[in-house]
Amino acid sequence: MPGHKDPHSYSNPHEVVIRDSTLEMEVNFFTRTIEGKVTHTIENLSGANRLVLDIRDLTIYRITLDDGEETAFAIGPHNKYLGNPLAIEITGQTRSVTIFFLSNPRSSAIQWLEPTQTAGKRHPFLFTQSQAILARTWIPCQDTPSVRFTFSAKVKVPPGLLALMSADNPTEKNKNGEYEFKMNQPIPSYLLALAVGDLEYQSLGEKTGVYAESPMLKKASSEFAEVQEMMRVAESIYGKYLWGRFDVLVLPPSFPFGGMENPRLTFATPTIIAGDQSLVHVVAHELAHSWSGNLVTNATWNDFWLNEGFTVYFERRIMEALNGKLYAEMLAELGYQDLKATLKEFGNTHEDTALKINLKGRNPDDGMTLIPYEKGYFFLLALEQAVGRKDWDQFLNDYFGEYAFRSLDTEEFLRYFESYFSEDLPLIKHRVPLNQWIYDPGLPKSAPPINSKRFRQVEKVIKQWKNGLDPQHLNISEWSTHEWLHFIRNLPSSLTPQEMTNLDEAFHFSKSKNSEILFAWLLHAANNQYQPAEPIMDKFLTSVGRRKYVLPIYKALSQTNEGFQKAKSIYRRARPNYHSITASSLDRLLGLNGG
Ligand SMILES: [Zn+2]
């Protein structure tokens, strides 16, 4: 077992570890609860007399061992983020522990949606988001990414609805609403996922398909038509895909993230459906997690960059293989802009701008900034350039092979890297100071420069506009979404209402069906208190719950007193539509007490 102590789990896997879980659950939309039992098959490594699990907002009815005899348990003191330790009496001979539990309607992992919050408007919907430490709010478990287990489940839902998990999934509804699932590859708890709704399935190829509500299904399948090819490309770079199927579930717009890499069934926001496949790099990202994250996993949330930095790197390699170097350069430069903005916001000396961070005593969501993603990416790009792409790819293939279905921390990664490249290490370290990248805040000077040629063209156009050329006469033919994003992001931060109006009349940003473009535009609108955009901003914030979009807009609004009042008034109406992950970030920003 791993030696690392996870600061975000009460559990004792170094003594007793869960190897398999069998779940039986019934989903009740009226009471907004999941009632169930889970049988954990355990391995007692040290003859311990207690198994400690993580729970938060769960009612525990009773606990039995092996053949059904009840056992004593104690629930320890509550911590806001960690919940409670659940200590269960066992013996050295105990093989399995069965827990009868009920979730709370306020379970932070689960979002219950009214029919009006769905695309179809007729049936309720629920989805879970377990990362980082929310699995414990719907299943009692060893809620640490250092423990992996296989699972099977029986889930009962109201007839007419389809249930899906991060497992082998059904493709059709059945009359009685009873579904069975199996996941034979061991996964960490944060990849446990459930969605229930009026969902349909469309195959996209032999090993891949899409689930969505029926009004979204056609759009979603044409948007993701390339996924099969993405899988082929990914396998050609870093080896066999080991999870069987790769399906994508399109969720209602309140989903808090772009995507969540739940194994075999990526959860995705509908905001990546732009109509022109221009945002499918988000799906490439989730697919890349099938190697970095799901297969080779960060041991604690302090090592989150091991999941995300590698995944962003791999995502851009997939996009490069599919669309060419010029295209991937644009994605990388947008990432660099995001990184610079994040560093500016934190300040270059903030300890959370290191790759390895210390989240002890804090909500691990605090570490889910762009730093592990983008600084992680640039670190790995620097390593690629130092050792050469061929050797680097071989290294990654070996790394994914060596640590497949295991968890590791940053120090273990460093040891592996340093021994793998031991002969060239002094030279590599001279070019890429490993410890500085990992443990120091800010961006090292050795960061590789990014220069997107297509963006330099965009900048020429911005210059022409600044020199007074009418927007209607700018040469913007055949620009991709990314060029448009670069254009909007690099407009002067201060724009007059007249300038905003002229730009919008020429390019229709406020009517864009592309969520990235609309978001970039609304950010200018919020920063410049541009009133004509207010109805669109209001609609965007009250219908979309993706944290990456809504948080910066509320932040921009909050710069003035008047804007802050406006932000609070929109948020009061929007909050019921946000998942707890988005809502808790905004509660803090806007000083509202959730409730
Ligand atoms: Zn990711």
Exercise. Alpha carbon centre of region 4-63 versus region 71-102: separation in Å?
Worked result: 7 Å
Problem set entry | Relative contact order of the chain, pairs being alpha-carbon contacts under 8 Å that are 6 or more residues apart, as % | 11 percent
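In percent, what relative contact order does region 503-572 have, based on Cα pairs under 8 Å that are 6 or more apart in sequence?
Details: 44 pairs, mean separation 18.1, N = 70.
Relative contact order here is 26 percent.
Compute the Cα gyration tensor for region 296-439, then decide on rounded, prolate or oblate, letting a ≥ b ≥ c be the square roots of its eigenvalues: rounded whenever a/c is under 1.5, prolate when a/b is larger than b/c in the other cases, and oblate in all that remain. Don't skip to the answer; put the middle values down first.
Numbers: a/c = 1.45, a/b = 1.11, b/c = 1.30.
Rounded is the answer for region 296-439, as its axis ratio a/c remains below 1.5.
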Exercise. Which whole-Hz ³J(HN,Hα) couplings does region 296-305 yield from phi under the Karplus relation 6.51 cos²θ - 1.76 cosθ + 1.60, θ = phi - 60°, glycine and proline marked x?
Worked result: 10, 10, 4, 6, 9, 6, 5, 9, 4, 4
Exercise. Suppose every K and R has +1 on its Cβ and every D and E has -1 on its Cβ; what is the size of the dipole of the chain about the Cα centre, in Debye to the nearest 20?
Worked result: 1220 debye
Problem set entry | Relative packing of peptides 127-134, 226-233, 440-447 - highest average C-beta neighbours within 10 Å first | 127-134, 226-233, 440-447
Seminar exercise, completed: Phi-derived 3J(HN,Hα) across region 277-287 with the Karplus relation (6.51, -1.76, 1.60, θ = phi - 60°), rounded Hz, x for Gly and Pro, is 6, 7, 10, 6, 4, 5, 5, 4, 4, 5, 4
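How high is the relative contact order of region 296-439, given as a whole-number percent (alpha carbon pairs under 8 Å, six or more residues apart)? Don't skip to the end; give the middle numbers.
On the way: 133 pairs, mean separation 54.4, N = 144.
Computed value for region 296-439: 38 percent relative contact order.
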Seminar exercise, completed: Of 74-82, 213-221, 150-158, 261-269, ordering from highest average Cβ density within 10 Å down gives 261-269, 150-158, 213-221, 74-82
Seminar exercise, completed: Taking placed amide H atoms and a strict 5 Å upper bound, the residues 5 or more places from Phe149 or on another chain that come that close are Ile187
For this session: Report ³J(HN,Hα) in whole Hz for each residue of region 347-360, in order, from the Karplus equation J = 6.51 cos²θ - 1.76 cosθ + 1.60 where θ = phi - 60°; Gly and Pro get x.
Result: x, 5, 9, 5, 5, 6, 9, 7, 6, 8, 10, 10, 9, 4
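What ranking, highest mean first, results for peptides 311-323, 26-38, 539-551 when packing means the other Cβ atoms within 10 Å averaged over each residue?
On the way: 311-323: 22.6, 26-38: 17.5, 539-551: 20.2.
Going by the mean number of other Cβ atoms within 10 Å, highest first, we get 311-323, 539-551, 26-38.
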Problem set entry | Between region 406-480 and region 533-548, the Cα center-to-center distance that results, in Å | 31 Å
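Rule-based calculations on the coordinates, nothing more; no lab input. Remember, it's a predicted structure, so these values are computed and weren't measured experimentally. Because the Cβ atoms are built from the backbone with ideal geometry, glycine has one as well, and the counts that use them run over all protein chains shown.
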